[in-house]
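None of the figures in this text is laboratory data; all of them are computed from the coordinates on show. Everything numeric here is computed off the predicted structure, so don't read it as measured data. Please note: Cβ atoms are built from the backbone with ideal geometry, for glycine as well, and neighbour counts cover all protein chains shown.
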Amino acid sequence: MYGNTSQSFQLVALIPLLIDADHYIAIVKVLSALSLVGLFALYARAARTLVAEGSREGWALALGVALLAASAPYVLLLVHSGMETCLAFVVIAINLLAIHRGAESRRDAAAVVATTVLVYLTRPDAVAISLVSMALCYWGRERRVPWRILLACGLALVAVLGLCQLYFGTPLPLAFHLKSRALTIYTADFVRIDHAVKVRNLFGLLVMAAPLLYVAAHGRSAWTAALVASFALFTGYHYFSTIEVMGSYARFYLPGLVPLALAAIEAAPRLRERSRPLVTILFCALYAAGVAYLHHHRIIYDGKDQLISRVAGDLYIGYALAATILLAGARLHAGAVAALAGVPILVTAVTGLRAPAPRLYSDRELLARHIERPTTLRGIRAVEACIPQPFHLYHTEIGVPGVLFPDSTVTDMAGLMDQQIALHGMDFDARCARDRPEVIFLPHRNYHSLRDQIAHGTCIHDYQRVVRDSSSPLYIRKDLIPTFLPCAHRLGDRWIDGGRASPAEGPR
């Protein structure tokens, strides 16, 4: 089943399992943090390569831009996501630097093809960045389309898609089908809910990107233009074409910052030479005011929006201050300015992230803390204690159930981990009658159509609601109720209400 989008991240995820399977989450976060260190190293290398003909001052300014790009607030916060985004930053940077070197020799051409395939295996959507940058860069430098290298990349990608079809039964990840507006089975009501998330993610991205765009605007090379174009096209693709389920901190958009950062790094010396002080000061003033306005009116993420990692206002302030120092001081002593710009970044990275006291939590400890936060998991501790495994459970959020019940079957009603549902939708009554699951957490309240289908069906009447106050109320099969409720009450699970609501009322 092609449920996990990033095949390369699954391979990397074997590392923490081999090191210490009980601390998988903590080790993945360490690997994500190391990925950001590697990203900055690649940016620093790009500064040396792309600014080879510039002055030492130009190189220092490029290094400052590299630090700014690698420490954007959302980039730092995605260390906590447990997903492939930080790894994707590194892979995309490696690929773009390979493209910049050109493909005149067989070795360079092989590097371009191999890294492009690796981009696809890490973030399939980001391969658009690779192909657009490649085509536009060659066209701008040589006034020709690089048909040979594009054909080689195309054949390699087709081969990967063919292997995925043979192995998974579908060439594209299930997430691509579900999160693409053109292919999704989600209803119009569900898609409309996504609009507010899109606006917040887009403005958050622009906060991270605006200083880099200003620097890149001073560049004049085909390479800079190609990278900025790939950033714009990638951003437009996600804004207009995708449904941003689990897209917090502009996670879908942020890979586009990598080409933009490399464009700004190359353009940094030209900023020093060509920028107009009054224009730069005006830009910085408007930028700082814009960030303050967006944060004050909660148009971008803030400390109230997330459960696990929060965006303190300090992060935005530090980033805007660093950008202002870097841009406004570009024509001064660039080395000193770059070092000075690093101060608010480092300070806010420590204070703004609100890092907890250094302690290595096990996965079970982190899981216990997480279960208490979202309402969608209320009652799951009683299920764990009172229904012996193996059993069958339905939910639209399967991460925690999958960890708690490794010997049981978990059906993902959202479809991200169920090919039949992802491609054709869910006939709840038919599946429920076939599977006879012991446990059903109703679909999250955002899934209006599926909840209506369940409410007007017949299978749910064989179940009794035992958790009322939840976005995904818990239902237990009626034949298990006589043993489940006494056990849950002995356990002291405060969310179990005893099933006082009549099953005839249907799900809410």
P(r) for the chain: what percent of alpha-carbon pairs falls in each 20 Å bin, starting at zero? 21, 50, 24, 4
Hull-based mean projected area of segment 1-112, where the convex hull spans the alpha carbons, in square nanometres: 9.1 nm²
By residue number, which cysteines of the chain lack any other Cys whose Cβ falls under 4.7 Å from their Cβ? CYS86, CYS137, CYS153, CYS164, CYS284
Compute the acute angle (0 to 90°) between the alpha-carbon long axis of helix 222-241 and the principal axis of greatest extent of the alpha-carbon atoms of the chain; round to the nearest 10°. 20 degrees
Given labels modelled 7 Å from the Cα in the Cβ direction, how far is it in nm from ALA41 to ALA196? 4.3 nm
Descending semi-axes in whole angstrom, ellipsoid equivalent of segment 120-278, from the Cα gyration tensor: 31, 24, 10
Ranked from highest to lowest mean number of other Cβ atoms within 10 Å per residue, what is the order of the peptides 279-292, 213-226? 213-226, 279-292
Tally Lys and Arg at +1 and Asp and Glu at -1 over the other residues with C-beta under 15 Å from the C-beta of HIS238: what net charge comes out? +3
Diffusion coefficient, µm² s⁻¹, Stokes-Einstein with Kirkwood Rh over alpha-carbon pairs of segment 364-505 at 37 °C and 0.692 mPa s: 216 µm²/s
